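The values are calculated or read from the model by the stated rules, or taken from the named source; none is laboratory data. Everything quoted here is computed from the prediction, not taken from an experiment. FYI the Cβ positions are ideal-geometry reconstructions off the backbone, even for glycines, and counts take in every protein chain you see. The protein model used for the area step is the full one, side chains on, heavy atoms only, and it has no ligands, DNA or RNA in it. Shrake-Rupley method; radii C 1.70, N 1.55, O 1.52, S 1.80 Å.
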Amino acid sequence: MAKIIDGKAISANVKAQVKEEADKLKAQGISIGLAVVIVGNNPASRVYVNNKKKACAEVGFESFEYALPEETTQDELLALVEKLNGDDKVNGILVQLPLPKHIDENAVINAIRPDKDVDAFHPANVGHIMIGDFSFLPCTPAGVMEMLAQTGIETDGKNCVVIGRSNIVGKPMAMLLLHKNATVTICHSHTKNLKEICSKADILVAAVGKAKFVTPDMVKEGAAVIDVGMNRLENGKLCGDVDYDACFEKAGYITPVPGGVGPMTIAMLMKNTLTSAKIKNNIK
Ligand code: L34
């Protein structure tokens, strides 16, 4: 029977640490600000952005929301990013993805100043991560690593399988596990023998975007099963990429959805914003 990894509790620990440090900075007259940009009316993005603003309030950051209409042009969005790049009150800039189809996401990501890129999506930061010399880690994979660490799940020498190869989760997730001495396999839609590969994983990370994709035959007895999926079922319920109920008996550890990786993503965003402010003010 699996032990549930409580993302809410672990994210609360991370946010408490961030708040403690933010309070120290405040005492020195340094305030910390995060700009959150949302374009269009994606209801899921709205929820996530609201959760980010709420977290800012919890840790004592200022948040500046820019909610732009669906019809916003790429040039208008780039102009806003440019303005935020130069705004001294803004330590971190987050442009919530996905963006409307007429906007080139890469063009927007490339426009964010790397030292304010608290998502760590800019190619300069991606490169730093690849080398292992970084200030920011992408929030979701960093959140997964924090969950593993706080739960006492060893990565050194372990077989880790990541399902999904997105720039936001799959690829950086694999790299962070590699930095912690795991043997890492990345699976994707063209992978042959997916079940066989997954069922050898000590740590299985699902980031596919398909509800209940991971079934018990893909899970090794006692494995840690980390669910990055955030799928909305027709009944409006949230569901991860893992068939949670079916895998519960076989897994050693499992993350729920909601209350698993989602809150961790937000806690790590707070940590990155703090880091950005510390770097700017030469605080170690
Ligand atoms: N730029 N875009 C940018 N940065 C990110 O880090 C994200 N991501 C992903 C989507 N687009 C992004 C997020 O913020 C996914 N994501 C995210 C953040 C928070 C939550 C889920 C996804 C979250 O709060 N999840 C809650 C449930 C929320 C609900 O009720 O819908 C949970 O408990 O899992």
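Restricted to segment 107-118, and to residues there that are under 18 Å from the mean Cα position of the chain (by Cα) and open to solvent by 20 Å² or more (accessible area, probe 1.4 Å), the residue that is farthest from S31 (Cα to Cα) is I109. If you go through segment 248-264 and pick out every residue that is open to solvent by 10 Å² or more (accessible area, probe 1.4 Å) and within 15 Å of the chain's Cα centre (by Cα), you end up with 5. The number of residues in segment 207-238 that are over 17 Å from the mean Cα position of the chain (by Cα), within 16 Å of the ligand (Cβ to nearest atom) and not in a loop (DSSP other than H, G, I, E, B) comes to 2.
Considering only residues that are assigned to a helix (DSSP H, G or I), within 9 Å of the ligand (Cβ to nearest atom) and not β-branched (V, I, T), which ones fall in segment 239-272? Across segment 239-272, the qualifying residues are G262, P263, M264, M268, L269.
Does segment 37-49 contain at least one residue that is assigned to a helix (DSSP H, G or I), within 17 Å of N272 (Cβ to Cβ), more than 11 Å from the ligand (Cβ to nearest atom) and open to solvent by less than 10 Å² (accessible area, probe 1.4 Å)?
No, there is no match, as no residue in segment 37-49 is assigned to a helix (DSSP H, G or I), within 17 Å of N272 (Cβ to Cβ), more than 11 Å from the ligand (Cβ to nearest atom) and open to solvent by less than 10 Å² (accessible area, probe 1.4 Å).
When segment 72-109 is filtered for residues that are assigned to a loop (DSSP other than H, G, I, E, B) and free of Cβ contacts under 8 Å to residues at least 40 places away in the same chain, the ones remaining, listed by number, are T72, T73, G86, D88, K101, H102, D104. Among the conditions (1) open to solvent by 60 Å² or more (accessible area, probe 1.4 Å); (2) charged (D, E, K, R); (3) part of a helix (DSSP H, G or I); (4) within 15 Å of the ligand (Cβ to nearest atom), the only one that K52 does not satisfy is (1). Pairing residues of segment 1-28 that are part of a strand (DSSP E or B) with residues that are surrounded by 12 or more Cβ atoms within 10 Å (Cβ to Cβ) and at pLDDT below 95, at Cβ distances under 9 Å and at least 6 apart in sequence or on separate chains, gives no pairs at all. Residues of segment 80-103 that are small (G, A, S) and open to solvent by 60 Å² or more (accessible area, probe 1.4 Å): G86 alone. Hey, can you tell me all the residues within segment 5-36 that are open to solvent by 70 Å² or more (accessible area, probe 1.4 Å) and either within 13 Å of the ligand (Cβ to nearest atom) or of a type in the set (K, R) (or both)? Passing the criteria: D6, K8, K19, K24, K26.
Scoring A201 on the criteria (1) more than 25 Å from R113 (Cα to Cα); (2) assigned to a loop (DSSP other than H, G, I, E, B); (3) more than 14 Å from the ligand (Cβ to nearest atom); (4) open to solvent by 10 Å² or more (accessible area, probe 1.4 Å) leaves a single failure, condition (4). For the structure I just gave you, tell me whether P123 is over 18 Å from M268 (Cβ atoms) and either at pLDDT 95 or above or open to solvent by less than 20 Å² (accessible area, probe 1.4 Å) (or both). Here the answer is yes, as P123 does meet what is asked.
Taking segment 110-150 as the range and being of a type in the set (S, T, N, Q) and either within 20 Å of V205 (Cβ to Cβ) or outside any loop (DSSP other than H, G, I, E, B) (or both) as the test, the residues that pass are N110, N125, T140, Q150. When G236 is evaluated against the numbered criteria (1) surrounded by fewer than 24 Cβ atoms within 10 Å (Cβ to Cβ); (2) touching a helix residue (DSSP H, G or I) at 6+ places or on another chain (Cβ under 9 Å), which criterion, by number, is the only one it fails? The number of the failed condition is (2).
Among the residues of segment 138-197, what is the count of those that are of a type in the set (S, T, Y), under 19 Å from I5 (Cα atoms) and under 17 Å from the mean Cα position of the chain (by Cα)? Of the residues in that region, 1 qualify. Does segment 170-183 include one or more residues that are outside any helix (DSSP H, G or I) and either under 24 Å from C239 (Cβ atoms) or within 16 Å of the ligand (Cβ to nearest atom) (or both)? No, segment 170-183 contains no residue that is outside any helix (DSSP H, G or I) and either under 24 Å from C239 (Cβ atoms) or within 16 Å of the ligand (Cβ to nearest atom) (or both).
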